[in-house]
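*Asks:* First the structure, then my questions, so here it is.
Values in this text are rule-based calculations from the coordinates and carry no lab data. None of these values were measured; they are calculated from a predicted model. Cβ coordinates were reconstructed from backbone atoms using ideal geometry, including for glycine residues, and neighbour counts include every protein chain displayed.
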Amino acid sequence: MAYTESVPLRARMPAEKGQTDRSNSKEDASLLRRMAEGDERALGEVFDRHSGQVYGLCLRVLRVQADAEDVMQEIFLELWRRPERYDAGRGSLRLYLSQLARSRSIDRLRQHRRRAEVLREANGELEMRTAAVSPRAPDAAAAASEQSREVCAALQSLPEPQRTALILSYFEGLTYSEIAERSGEPIGTIKTRVRRALLRLRQPLVDWSEATLRRGDEE
């Protein structure tokens, strides 16, 4: 008796799950229609329904909480701005957001790697250039060394993105377009970073440049 009574229960479970999935899909579709009409509350409901899953997937790939939170916010912002990109014919909203979480997280990892490579190249270039302009006279050498240390210390005080952009532009002579291409960042972002870095380091860089020119004239 116990066995026969349990059979109908097991038979009902797949159907109930399917009904739940269809119900969720209908609710998601309704929320997306409201989002397309500019209903911010609909975005909040979508976020409440799916943010935990999206965050978990991002964190699994990125392993850094702040990065996972950033990517999650970017995904829901993209969904808010372009809800029409979701095609219900290709799967559920849950699946769509999962695919976005994975692809955007992988893109973020690649971006971090490019930045790290660019920063290593920039720091190497700075070391080579400061060493190349060292004068022969002991007194001048001491002064040049002090100026180089001041520039390096000022550079180290900058946020990493600003420091990298400034080194590539000021010391290596790359154009904004070249820096953007190498780092994978928008050109407008590069311009802003260089401008802000220059405002903070203007005097140390001016002193270093003038000293370099004077040593060139003396030699």
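*Asks:* Based only on other Cβ atoms within 10 Å, what is the fewest-to-most ordering of S51, S169?
*Replies:* In order of increasing Cβ crowding within 10 Å: S51, S169.
*Asks:* Can you pull the one-decimal nm distance between simple spin-label points at R82 and L109, each 7 Å off the Cα toward Cβ?
*Replies:* If labels sit at R82 and L109, their model points lie 2.3 nm apart.
*Asks:* While we're looking at this one, here's another question. HN-Hα J couplings of region 37-51 from phi, Karplus 6.51/-1.76/1.60, θ = phi - 60°, integer Hz, Gly and Pro as x?
*Replies:* In residue order, the calculated couplings are 8, x, 7, 5, 5, 5, 4, x, 5, 4, 4, 4, 6, 10, 5 Hz.
*Asks:* So if R0 is 22 Å, what FRET efficiency would R90 and E40 give, r being the distance between their Cβ atoms, rounded to the nearest 0.05?
*Replies:* 0.25
*Asks:* In whole Hz and in residue order, list the ³J(HN,Hα) couplings for region 91-103 that follow from phi through the Karplus curve 6.51 cos²θ - 1.76 cosθ + 1.60, θ = phi - 60°; x for Gly and Pro.
*Replies:* Coupling constants for region 91-103: x, 6, 5, 4, 5, 4, 5, 5, 5, 5, 4, 5, 5 Hz.
*Asks:* At R0 = 45 Å, how high is the FRET efficiency between K26 and E181 if r is their beta carbon distance? Nearest 0.05 is fine.
*Replies:* The formula returns an efficiency of 0.50 here.
*Asks:* With labels modelled as points extended 7 Å from the Cα through the Cβ direction, what inter-label distance (nm, one decimal) is found for R196 paired with S51?
*Replies:* Taking the simple label geometry, R196 and S51 are separated by 2.5 nm.
*Asks:* Taking the beta-carbon count within 10 Å as an exposure proxy, list I167, I106 from fewest neighbours to most.
*Replies:* If I rank by nearby Cβ atoms, fewest first, I get I106, I167.
*Asks:* Can you put R33, R104 in order, fewest other beta carbons within 10 Å first?
*Replies:* Ordered by Cβ neighbours within 10 Å, fewest first: R33, R104.
*Asks:* Would you mind calculating the relative contact order of region 21-110 from Cα pairs under 8 angstrom and at least 6 residues apart, reporting the percent as a whole number?
*Replies:* 34
*Asks:* I'd like the Karplus ³J(HN,Hα) series for region 71-83: coefficients 6.51, -1.76, 1.60, θ = phi - 60°, whole numbers in Hz, and an x wherever there's a Gly or Pro.
*Replies:* Listing the rounded values in order: 5, 4, 5, 4, 5, 6, 5, 5, 4, 5, 6, 10, x Hz.
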